Structure formats: C-alpha cells, structure tokens
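Okay, structure first, notes after.
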Amino acid sequence: GSVARLVSSMTKAESRILAEVLVALSEAFPDGIFWRQNAGKVLSAAGHWIGLGPVGIADVVGFVQTQWGAQIVFVETKTLKGTLRESQKRFRSAVENKGGIYVVARSATQAVESLNEKLKGCSDNLR
C-alpha cells in the first residue's frame with residue numbers, strides 16, 4: 001500500500017491538546033462527529049503530492065446535533081502562548097460569516113465550554 005508522509009508544524013504539546021480535545025468533544029457531544037483535519041499537502045510513497053484541507057482550516061472539524069439539525073463546528077487547538085496565523089484568522093472569519101461555529105481551545109475543558117457557549121448563543125439568536 002501507499003504510505004503518505006505528513007509534514008506537521010504541530011508541537012508535542014499541541015498534539016496532546018488535540019488528542020484530549022477530540023476525546024472530550026466525543027464524550028460531551030455523543031451525537032456529534034469530530035475528526036482531525038489536516039491542511040496542506042502530503043507526499044505519497046509514490047512521490048505524488050496529495051492536497052488536504054484548505055490553508056487555515058481548524059485542527060478539529062465536526063458536527064453537533066441541535067434541535068434545528070446538524071451544526072458544523074471548527075476547533076483550533078493552541079498552547080497557552082499559541083496565536084492564530086493570518087490564514088487561520090481568515091478561515092475563522094469565513095466560517096463565522098457563513099453561520100458556522102469556530103472556537104480556539106487551549107485545553108479539552110475550554111473546547112467543550114466554548115462550544116457549549118457558542119451553541120447556546122445560536123439558540124438564543126433563533127428565539
């Protein structure tokens with residue numbers, strides 16, 4: 001089979017936060033679906049470049065079930081000192097302008113709390 005090599009700028013600390021966020025979201029939103037979304041390109045074992053998600057896309061993409069149907073969510077994981085790159089800021093703006101939910105999380109707890117807060121805001125706006 002073909003083995004792809006992913007070049008990642010993510011640190012070990014960010015990787016740990018990401019793994020914890022995925023578990024916490026899955027537990028907090030059992031009807032949701034969440035996955036790690038890579039961006040950029042990978043080089044296959046055959047030497048072909050394969051495009052992934054768009055530049056700036058969040059680390060976690062998913063859907064949560066609401067009383068109005070599925071809501072798309074994006075979670076960018078950062079360390080305590082991490083900041084959004086310009087491409088990530090542009091992606092966040094695009095998501096929010098189209099009605100999606102985007103949160104930045106520095107811990108699993110913050111991811112769940114921020115997502116709950118944004119979902120509550122969505123329901124308040126629809127009343």
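Among the residues of the stretch 18-30, is there at least one that is farther than 20 Å from Leu115 by Cα and loosely packed, with under 14 Cβ neighbours inside 10 Å?
Looking for residues that are farther than 20 Å from Leu115 by Cα and loosely packed, with under 14 Cβ neighbours inside 10 Å, one finds none in the stretch 18-30, hence no.
Could you tell me which of the residues Gly62, Gly51 is among the small types (Gly, Ala, Ser) and modelled with pLDDT under 95?
The conditions single out Gly51.
Do any strands (runs of 3 or more DSSP E) lying entirely in the stretch 33-127 carry at least 3 residues that are farther than 22 Å from Ala19 by Cα, in contact with a strand residue (DSSP E or B) (Cβ under 6 Å, 6 or more places away or on another chain) and open to solvent by 30 Å² or more (accessible area, probe 1.4 Å), and which ones are they?
49-51
The values are calculated or read from the model by the stated rules, or taken from the named source; none is laboratory data. Since the structure is predicted, the reported quantities are computational estimates derived from the model, not experimental observations. Heads up, the Cβs are rebuilt from the backbone with ideal geometry, glycines too, and the neighbour counts pull from every protein chain shown. These area figures cover heavy atoms from the full protein model, side chains too; ligands, DNA and RNA do not enter into them. Shrake-Rupley method; radii C 1.70, N 1.55, O 1.52, S 1.80 Å.
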